[in-house]
Amino acid sequence: MLDQIRIVMIQTTHPGNIGAVARAMKNMGLVDLCLVDPKKFPDPEADARASGATDILASAQVVSTLQEAISDCHFVVGTSARGRHIPWPITSPREMAGVAMQLQPGKKMAILFGREDRGLTNEELHQCHHHVHIPTNPDFSSLNVAAAVQVIAYELRVASLDKHSEPALQWGTDWDIDLADVREIELMFDHLEKTLVDVEFLDPNNPRQLMTRMRRLFLRAIPDRVEVNVMRGMLTAINKKVTLLNNASIDKPASSSDSEAQLKKEPPYV
Ligand code: SAH
């Protein structure tokens, strides 16, 4: 189970923190570390702080974008020291560990950890199914990033040892269809966004929070492969109709069709 969990550190500044994370991971039996655009790595400071967990550092993947780190994952969790503007489904480290224990064999879960100075960006947090907050003192809520990894890794270990733990969420092992992975879901969001621009529901010059809210809606549902394919099929059908309508209005520029007028009538809701 624990080898299905990937710890993703984003733009970590201090190599010592990367070493300390490797140590925390090895202590708790985690093996998969991915570093997105680290400031300094490899580095002797990372090796020193890993104190014996240098194998985790040696096998760590280093990539330049978050997409590369998570595109093969089926469940993505973002860790955050504070609440954000648009609330997201939030779980405790313990609940999150319960969800992790329900991962189907072969499926991967990514847990994202942010920069030492400013954490994860909103855009990064909006790629996550769930957010996890370690319940710290609200007046002093931000842990050192390696300490945060230690807490999360500990909960994962405890959950993996507790064979009788009840599933915290009804999701996972007995699902009939494979869950969609991040790559498939991101393609669906791209398709949705382009289509909403085409039908003039989304104004690219004033997008407001529409796509953020759509992301939250679909990610909350943890869609499977068939559901994502059905969405893509619906969007393709809309694309075809829009192309037909556009061609028709090029032929007859004076009279726009009823359906076209109908599409234009609705204002953006957010
Ligand atoms: N100043 C930043 C905090 C950065 S701490 C901010 O306000 O967002 C570096 C990273 O450690 C965070 O991005 C997160 O991944 C993790 N972290 C720190 N405190 C945490 C907490 N209380 N709960 C969950 N993750 C935490």
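The values are calculated or read from the model by the stated rules, or taken from the named source; none is laboratory data. On a predicted model such as this, the values are computed, not experimentally measured, just so you know. In this analysis, Cβ positions are derived from the backbone assuming ideal geometry, glycine residues included, and neighbour counts consider all displayed protein chains.
Observations on the model:
- Test: residue in the stretch 180-187 that is modelled with pLDDT under 95, surrounded by fewer than 17 Cβ atoms within 10 Å (Cβ to Cβ) and more than 16 Å from the ligand (Cβ to nearest atom): no
- Taken over the stretch 77-114, the residue count meeting the criterion of being outside any loop (DSSP other than H, G, I, E, B), of a type in the set (A, V, I, L, M) and within 13 Å of the ligand (Cβ to nearest atom) is 6.
- Condition met for His129 (crowded, with 19+ Cβ neighbours inside 10 Å and not hydrophobic (A, V, I, L, M, F, W, C)): yes
- Qualifying residue in the stretch 28-35 (condition: in a helix (DSSP H, G or I) and touching a residue at least 24 places away in the same chain (Cβ under 8 Å)): yes
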